[in-house]
Amino acid sequence: MENGEWGMGNGEWEKRGREMSKGYNGLRAIASINRRQFIKYGGLALGTNILGACASNSKKVSSRNSKGDLERVTLGIGWYAEAEYGGFYQALATGIYEDYGLDVILRADGAQTNSTLLLMGGAFDFALGGSIASIKAVEEGIPKIAIAAIFQKDPRVLIAHPDMGNDSLEQLKGKPIMVSPQVGLSYWPFLESQYGFTSDQRRPYNFDVRPFMIDRKAIQQGYLTSEPFAIEKQGGFKPVVMLLADYGYKPYSNIIETTIEMVEKKPDLVERFVEASIKGWYSYLAEPEAGNAAIQKENPDMTEEQMAYTAAKIKEYDIIISEDTKKLGIGAMTDKRWETFYREMVEFGVFQENTNYKEAYTLQFVNKGADYYQS
């Protein structure tokens, strides 16, 4: 997920809104960042509150109660404990991280987390992001780097009612669509260029599915594993779901990222964390019970039904297992995929033409082979 573009049902969003309104602690974790850096890093994750991850009500889950001889690291999820992060919870719950000498803390701080700010300030050792944010970081001079891509497809979707003639992106041209403001810097330029969409089609989306359910002409944004589930449960019907990745919008998502300094000074630590996380994902996709129990312990509102739905959609739409990962293993990235996405988004006006996009990622810690990670 990239910050600010998630979606959910109305009840869940109202709950998150109450949490987000609570007062936040100070910025002790990022005190080493000077004012200019603070503004730069804080502005990268659009649509977020820069103090979010320092909230007093943030959730932490650790793989170990005592330090022992394990090396402690923190992964900032950038959202809440859910099945979309199941592999990380699986690696924690089943002891995979410990097997790699790691005492891992999973920070699920909620909707207002600015992961970039907390990563650069040292509150996180690792965080989750997406292709656009990774390349934008290069343009902004922010020294972070993508080290593994868990989601081979971005789960963003557009949703419509059945039997209304809105069954494909081609049929949505010229029609009002409820979206968040952040789409102007992600997939909307792609839709304008490839499918003839225009900016005047955009309508505000308040992360509440009720307006959609009562208007059969309504079209809105969503996340493959979120809004469609809420609509099925609350509305009693299956909406038309159009996964943008299947129409040509192909960034990586749920990218594990860290600082360039971490890669340069502690490559062994980075390698162990990436490899353990990948093995956690293989384990979760096969037998998710341990990971789901850890998720529910941290987030009691997460139901078995929702987690099962998420897992099913991840498999149905090949979100994690792609042609690349079948050969190279979960987390795979390729130079060709990064180059293609960068050049397309330059054409759409999202990136600058002279950006050294290769500085956004490294293949040093991935692509060891599917058999290797499952051995």
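Residue ranking by accessible heavy-atom surface, 1.4 Å probe, largest first, among Ser322, Ser277, Ser199 comes out as Ser199, Ser322, Ser277.
All C-alpha pair distances within region 154-245, sorted into 5 Å bins from zero, spread as 3, 15, 28, 29, 18, 7, 1 percent across the bins. Database remark: amide H of Arg72 closer than 5 angstrom to the amide H of Asp103 (H placed geometrically; neighbours at sequence offset of 5 or more, or on other chains; Pro and chain starts carry no H). Amide H contacts under 5 Å for Trp79: Asp109, Gly110, restricted to partners 5 or more places along the chain or on a different chain, H placed in the peptide plane at 1.01 Å from N. With a threshold of 27 Å on the Cα-Cα distance, the over-threshold entries among Lys250/Lys315; Lys233/Lys327; Lys279/Lys315 are Lys233/Lys327.
Residue separation times 0.36 nm, minus the C-alpha to C-alpha distance between Arg216 and Arg203: what's the value? Don't skip to the end; give the middle numbers.
On the way: separation 13, 0.36 × 13 = 4.68 nm, distance 1.57 nm.
Computed gain between Arg216 and Arg203 is 3.1 nm.
Rolling a 1.4 Å probe across the protein heavy atoms gives region 113-230 an accessible surface of 31 Å² per residue. Applied to region 363-375, the Karplus parametrisation 6.51 cos²θ - 1.76 cosθ + 1.60 on θ = phi - 60° returns per-residue 3J(HN,Hα) values of 9, 4, 10, 10, 6, 7, x, 4, 5, 4, 6, 9, 7 Hz, with x for Gly and Pro. Near Gln364: Cβ cut-off under 14 Å, other residues only, Lys/Arg at +1 and Asp/Glu at -1. The net charge is -2.
What figure, in Å² to the nearest 10, do you get for the accessible area of Lys173 with a 1.4 Å probe and non-protein molecules left out? Around 120 Å² of this residue is reachable by solvent.
Taking label positions 7 Å along the Cα-Cβ direction at both Lys265 and Asp163, the computed distance is 6.3 nm, reported to one decimal.
3J(HN,Hα) along region 208-224: 9, 7, 4, x, 5, 5, 8, 10, 5, 8, 5, 9, 8, 6, x, 10, 3 Hz, from the Karplus curve 6.51 cos²θ - 1.76 cosθ + 1.60 with θ = phi - 60°, whole Hz, x for Gly and Pro.
Got a sec? What order do Lys266, Lys368, Lys326, Lys279 fall in by accessible area at 1.4 Å, biggest, i.e. largest, first?
Details: Lys266 100, Lys368 70, Lys326 120, Lys279 45 Å².
Highest to lowest solvent-accessible surface, that is Lys326, Lys266, Lys368, Lys279.
Over region 286-375, what relative contact order in percent results from Cα pairs under 8 Å that are six or more residues apart? Relative contact order comes out at 29 percent. Shape summary: region 224-375 maps onto an equivalent ellipsoid whose semi-axes, from the alpha-carbon gyration tensor, are 29, 23, 15 Å in decreasing order.
Debye sum, Cα scatterers, region 251-319, no solvent: what log₁₀ I/I(0) at q = 0.15, 0.20, 0.26 1/Å? The Debye formula, applied to the Cα set alone, gives -0.67, -0.97, -1.17. Other residues whose C-beta falls under 12 angstrom from the C-beta of Ala276 contribute a net charge of -4, scoring Lys and Arg +1 and Asp and Glu -1. Taking 7 Å steps out from each Cα toward its Cβ at Thr303 and Lys233 produces label points 0.4 nm apart.
Remark: accessible surface ordering of Asp163, Asp208, Asp268 (largest first) is Asp163, Asp268, Asp208, probe radius 1.4 Å. Only aspartates and glutamates eight or more places from Lys266 in sequence, or on another chain, were considered; those with a Cα closer than 15 Å are Glu71, Asp125, Glu257, Glu275. Under a 5 Å amide H cut-off, with hydrogens placed 1.01 Å from N, Ile150 pairs with Ile255, Ile256 among residues at least 5 apart or on other chains.
The values are calculated or read from the model by the stated rules, or taken from the named source; none is laboratory data. Bear in mind the structure is a predicted one, so any value in this text is a computation, not a measurement. All Cβ positions, even for glycine, are placed from backbone atoms using ideal geometry, and neighbour counts span all protein chains on display. Calculation scope for accessible area: heavy atoms of the full protein, side chains included, ligands and nucleic acids excluded. Shrake-Rupley method; radii C 1.70, N 1.55, O 1.52, S 1.80 Å.
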